[in-house]
Amino acid sequence: MDMSLGHGGYNDDSWAITRFFREEVFHPKKIGSNIGIVYASALFNFQSLLLVVLLTICTCTYLRAQAPTLIDRNKTGVMGLFWKAARIGERLSPYVSLACFIMAFQLIVY
């Protein structure tokens, strides 16, 4: 297929990338609806949401161990969520690590 003609002025790889994401070549988890296609995100998929929460807890705990002032200076507000995630990771580390192992096993098997 000649991509240099008839594709809206695209004569490089940008046409292929645009086609990859907009047309039927790339399909993340599609949920059908009457209006159109709705793509599932981590907010609507419980397994993905749980994975994001676990990774946030583990990352914040690691960052607090390496650079405590980076996490400890923001204990309130939106940035305080990272401080709280670090505290959860420190205090409940056996349970968090068990949850990480279970999630890893589930992702590998399923």
Can PHE20 be described as modelled with pLDDT of 55 or more, among the aromatic types (Phe, Trp, Tyr) and outside any loop (DSSP other than H, G, I, E, B)?
no
Which residues, counting only those in region 49-81, are touching a Lys or Arg at 6+ places or on another chain (Cβ under 9 Å) and charged (D, E, K, R)?
ARG64, ASP72, LYS75
Being touching a helix residue (DSSP H, G or I) at 6+ places or on another chain (Cβ under 7 Å) and within 21 Å of GLN47 (Cα to Cα): is that true of PHE105 here?
no
Based on this model, can you work out whether LYS75 counts as open to solvent by 50 Å² or more (accessible area, probe 1.4 Å), more than 25 Å from LEU107 (Cα to Cα), touching a Phe, Trp or Tyr at 6+ places or on another chain (Cβ under 7 Å) and of a type in the set (Lys, Arg)?
yes
Could you please tell me which pairs satisfy a Cβ distance under 9 Å, a separation of 6+ or placement on different chains, a first residue in region 64-89 that is part of a loop (DSSP other than H, G, I, E, B), and a second residue that is aromatic (Phe, Trp, Tyr)?
ARG73/TRP83; ASN74/PHE82; ASN74/TRP83; LYS75/TRP83; THR76/TRP83
Would you check if there is a residue in region 34-42 being modelled with pLDDT of 65 or more and part of a helix (DSSP H, G or I)?
no
Could you grab me the full set of residues in region 51-72 that are open to solvent by 70 Å² or more (accessible area, probe 1.4 Å) and among the acidic types (Asp, Glu)?
none
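The values are calculated or read from the model by the stated rules, or taken from the named source; none is laboratory data. The structure presented is a predicted model; accordingly, all values stated were derived computationally and were not measured. Cβ sites come from the backbone with ideal geometry, for glycine too, and all protein chains shown count toward neighbours. Side chains are part of the model used for accessible areas, which takes the heavy atoms of the whole protein and leaves out ligands, DNA and RNA. Shrake-Rupley method; radii C 1.70, N 1.55, O 1.52, S 1.80 Å.
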